[in-house]
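Have a look at the structure below, then the notes.
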Amino acid sequence: YFGDGKYQQAISELTIAISLDPEQGQFYSNRGLAYRRLGQYQLALQDQDKAIQLDPSSAKAYQNRSVSYRELGLHSKAESDSVKACLMDSQYC
């Protein structure tokens, strides 16, 4: 669904996946990205925070949270997460 821009459907499917395996950080990270694409930045941040809590080594989660912070005008937090993502994985530099 995500690849087709069907973000609400992606959120629904990811919510089911989370209910089946709530310890899978990637599910939260991906759902947070879908929320962000819908402009629901607070919900995106909640999921991205959870993704980082579950997997603190996920550069993707830090990068996703960085973009959400930037959209909310929280530039210092965005920069901090962007640097963390870059240090973890050069594709985010």
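Restricting to the stretch 36-93, and then to whatever is more than 12 Å from the chain's Cα centre (by Cα), closer than 23 Å to G5 by Cα and of a type in the set (A, V, I, L, M), can you tell me which residue is modelled with the lowest pLDDT?
L72
I need the full set of residues from the stretch 3-57 which are outside any helix (DSSP H, G or I), in contact (Cβ under 8 Å) with a residue 12 or more places away in the chain and either under 21 Å from K84 (Cα atoms) or of a type in the set (K, R) (or both), in order please.
Those that are outside any helix (DSSP H, G or I), in contact (Cβ under 8 Å) with a residue 12 or more places away in the chain and either under 21 Å from K84 (Cα atoms) or of a type in the set (K, R) (or both): Q24, D55, S57.
Any residue in the stretch 58-83 that's without any contact (Cβ under 8 Å) to a residue 12 or more places away in the chain and open to solvent by less than 40 Å² (accessible area, probe 1.4 Å): show its pairings with residues that are part of a helix (DSSP H, G or I) and charged (D, E, K, R) at Cβ separation under 9 Å, as long as the two are six or more apart or on different chains.
none
Being of a type in the set (D, E, K, R) and open to solvent by 80 Å² or more (accessible area, probe 1.4 Å) is the requirement here; does R31 meet it?
no
The values are calculated or read from the model by the stated rules, or taken from the named source; none is laboratory data. As the structure is a computational prediction, the values presented were derived from the model and not from experiment. Cβ atoms come from the backbone with ideal geometry, glycine included; neighbour counts cover every protein chain shown. Heavy atoms of the whole protein, side chains included, go into the accessibility calculation; ligands, DNA and RNA do not. Shrake-Rupley method; radii C 1.70, N 1.55, O 1.52, S 1.80 Å.
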